[in-house]
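Report on the structure given below.
The values are calculated or read from the model by the stated rules, or taken from the named source; none is laboratory data. Everything quoted here is computed from the prediction, not taken from an experiment. Here the Cβ positions follow ideal geometry from the backbone for every residue, glycine too, while neighbour counts run over all protein chains shown.
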Amino acid sequence: MTDAASLAVFLSHLQQHWPFPIPLAGCTLVSTRFTAQALSPELFSHYGIAPPQAALKRQAEFLAARLCAREALRQQTGHASLPTQQDNSRAPRWPTHSCGSMSHSHNLSAAIVGDSRYWQGLGLDIEKPIPIQRAQRLAKTILTPDEQYTYNRLDSNQQAMYLTLVFSFKESLFKALNPLTGTYFGFHDAQVLDLENSAMGHARLRLSKDLSTQWRLGCELQGQFSRLHGSALTLVSVAVA
């Protein structure tokens, strides 16, 4: 099978689109569906990407995310380059004059690339909806007391979606701020606000601890969310001051 044919079996088409309610200047988002069982080792060789030492599923997620990033960079900059892996860090290093984020969940993958003249950092996350019973088990691990108060006022279906979005937003926030601060922070170190009406597509995120001299307790960022093939898709953007 040729590399083109292998790619067609592994990936659906790479779709450049903007699923969020507010466009961001100088940003490009690309998503795709992929089939892990159709992954071919030759695809890694063809694209010059070293496969991770991991199970097939993880290798498929890794490649799909980087092919989304490659296409987003091509659309954004005109060059089909790839982010590289930083030493001693899982955070990718993006090409000069760009920043970005990648995510994957089950058979979905996406990447966003932004112009660093406008954006210091971007955090993108995809999450399959958390089942109701699992949401009840995870709630205290993920939610702050104020978020728990909001959660308790919802019915069980709303609770599961609320928890999915809060979890996803906090993942996006970490991806956006960890490379800028070099500081690890957990689920209780930030709070998601204004998410009671989950049809609006917006939220605020407020830090509950100091991360750096610039990013202190009480600092807020704007977030957006959408749906992608039934999964939650969240974005946190850090504008250039």
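Residues in the stretch 176-186: is at least one closer than 23 Å to A64 by Cα, at pLDDT 95 or above, among the aliphatic types (A, V, I, L, M) and not assigned by TED's automatic domain parsing to the domain that holds L29? Yes, the stretch 176-186 contains a residue that is closer than 23 Å to A64 by Cα, at pLDDT 95 or above, among the aliphatic types (A, V, I, L, M) and not assigned by TED's automatic domain parsing to the domain that holds L29.
All conditions but one from (1) assigned to a helix (DSSP H, G or I); (2) touching a Lys or Arg at 6+ places or on another chain (Cβ under 7 Å); (3) of a type in the set (G, A, S) apply to S101; the one that does not is (1). Scanning the stretch 138-153 for residues that are without any contact (Cβ under 8 Å) to a residue 24 or more places away in the chain and either crowded, with 21+ Cβ neighbours inside 10 Å or within 15 Å of F169 (Cβ to Cβ) (or both) yields one hit, Y151. Taking every residue in the stretch 1-16 that is closer than 11 Å to H46 by Cα and at pLDDT below 75 and pairing it with any residue that is of a type outside the set (D, E, K, R) and surrounded by fewer than 17 Cβ atoms within 10 Å (Cβ to Cβ), at least 6 positions away or on another chain, the pairs with Cβ-Cβ distances below 7 Å are D3/H46. Candidates N157, N152, N178: the one that is out of contact with any strand residue (DSSP E or B) (no Cβ under 7 Å at 6 or more places or on another chain), under 26 Å from P23 (Cβ atoms) and not charged (D, E, K, R) is N178.
Note on the stretch 164-184: residues that are free of Cβ contacts under 8 Å to residues at least 60 places away in the same chain and either under 26 Å from L228 (Cβ atoms) or among the acidic types (D, E) (or both) total 4. For the stretch 1-38, a residue qualifies if it is over 22 Å from the mean Cα position of the chain (by Cα) and hydrophobic (A, V, I, L, M, F, W, C), and the qualifying residues are M1, A4, A5, L7, A8, V9, A38.
Filtered by the rule that a residue be surrounded by fewer than 14 Cβ atoms within 10 Å (Cβ to Cβ) and assigned to a helix (DSSP H, G or I), the stretch 115-137 gives Q133, R134, R137.
Being surrounded by 22 or more Cβ atoms within 10 Å (Cβ to Cβ), under 22 Å from C219 (Cα atoms) and out of contact with any Gly (no Cβ under 9 Å at 6 or more places or on another chain) is true of S168.
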